Amino acid sequence: MATITNRRLTLTPGANNTIITTVKCRVNFNPFEMAHMLALPAVSHYQLRCQLWGRDTIVGEDLIDDLRFIYPIVKFFPDATPTASEDFAFTIVLPRAFLNEDVVGLDEIYGRLTLRSHHSLVPVAGGRTNTVSIFIP
């Protein structure tokens, strides 16, 4: 079964009150999945999606993590040069306010990656990145 490893979120301050958000990962396919993709290279077999979430940690809030952003890009596999391990990065510049999920204090942001079967849309792999704390006034 496919796995997603090396999941990493970075948040870099940008110009004009923005944040450069980057989620990187490696998607690993097993020999059966690779054989299937190589046998039908023109067919999309998997789709990788990414979201940014705010972690609720403040007592008095609902303690339910908040969806902050869905990356508009979907990565489809196989690509033109399929390999058993594929590195990919989602990057976008967002207004700082998009990531502001706590009333006071630091905002804790993490990425959530999901690899789905393109045919059934059933998730086959997923996981969270590290959590990055950032102060957003």
* Answer with yes or no whether T83 is part of a loop (DSSP other than H, G, I, E, B), at pLDDT 90 or above and farther than 11 Å from L52 by Cβ. => yes
* the range 103-119, residues that are open to solvent by 70 Å² or more (accessible area, probe 1.4 Å) and out of contact with any strand residue (DSSP E or B) (no Cβ under 6 Å at 6 or more places or on another chain) -> V103, V104, H119
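Which members of the range 4-31 meet the condition of being among the hydrophobic types (A, V, I, L, M, F, W, C) and either surrounded by 14 or more Cβ atoms within 10 Å (Cβ to Cβ) or under 19 Å from the mean Cα position of the chain (by Cα) (or both)? Working first, answer last.
From the range 4-31, those among the hydrophobic types (A, V, I, L, M, F, W, C) are 4, 9, 11, 15, 19-20, 23, 25, 27, 29; that's our starting set.
Residues satisfying the conditions are I4, L9, L11, I19, I20, V23, C25, V27, F29.
For (1) of a type in the set (F, W, Y); (2) in contact with a helix residue (DSSP H, G or I) (Cβ under 9 Å, 6 or more places away or on another chain); (3) farther than 21 Å from P123 by Cβ, each residue gets a yes or a no:
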residue: P13; (1), (2), (3): no, yes, yes
residue: N17; (1), (2), (3): no, yes, yes
residue: I20; (1), (2), (3): no, no, yes
residue: Q47; (1), (2), (3): no, no, no
residue: L52; (1), (2), (3): no, yes, no
residue: I64; (1), (2), (3): no, no, no
residue: T83; (1), (2), (3): no, yes, yes
residue: A89; (1), (2), (3): no, no, no
* Does the range 78-101 hold any residues that are surrounded by 19 or more Cβ atoms within 10 Å (Cβ to Cβ) and over 17 Å from R26 (Cα atoms), and which are they? -> L99, E101
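Give M34, M1 a once-over and let me know the one that is among the hydrophobic types (A, V, I, L, M, F, W, C), open to solvent by 60 Å² or more (accessible area, probe 1.4 Å) and touching a residue at least 24 places away in the same chain (Cβ under 8 Å). Steps first, answer last, please.
Details: M34 fails: open to solvent by 60 Å² or more (accessible area, probe 1.4 Å).
Within the list M34, M1, the selection yields M1.
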* Check the range 56-74 and report whether any residue there is touching a strand residue (DSSP E or B) at 6+ places or on another chain (Cβ under 7 Å), more than 25 Å from P137 (Cα to Cα) and not charged (D, E, K, R). => yes
* Structure fact -> A42: passes all of (1) touching a residue at least 40 places away in the same chain (Cβ under 8 Å); (2) out of contact with any helix residue (DSSP H, G or I) (no Cβ under 9 Å at 6 or more places or on another chain); (3) surrounded by fewer than 18 Cβ atoms within 10 Å (Cβ to Cβ) but (1)
* Among the numbered criteria (1) open to solvent by less than 60 Å² (accessible area, probe 1.4 Å); (2) at pLDDT below 95, which single criterion is violated by V59? -> (1)
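The values are calculated or read from the model by the stated rules, or taken from the named source; none is laboratory data. These numbers were taken from a predicted model, which means no experiment stands behind them. As a convention, Cβ positions derive from the backbone with ideal geometry for all residues, glycine included, and neighbour counts pool all protein chains shown. Surface areas here come from the heavy atoms of the whole protein model, side chains and all, with no ligands, DNA or RNA. Shrake-Rupley method; radii C 1.70, N 1.55, O 1.52, S 1.80 Å.
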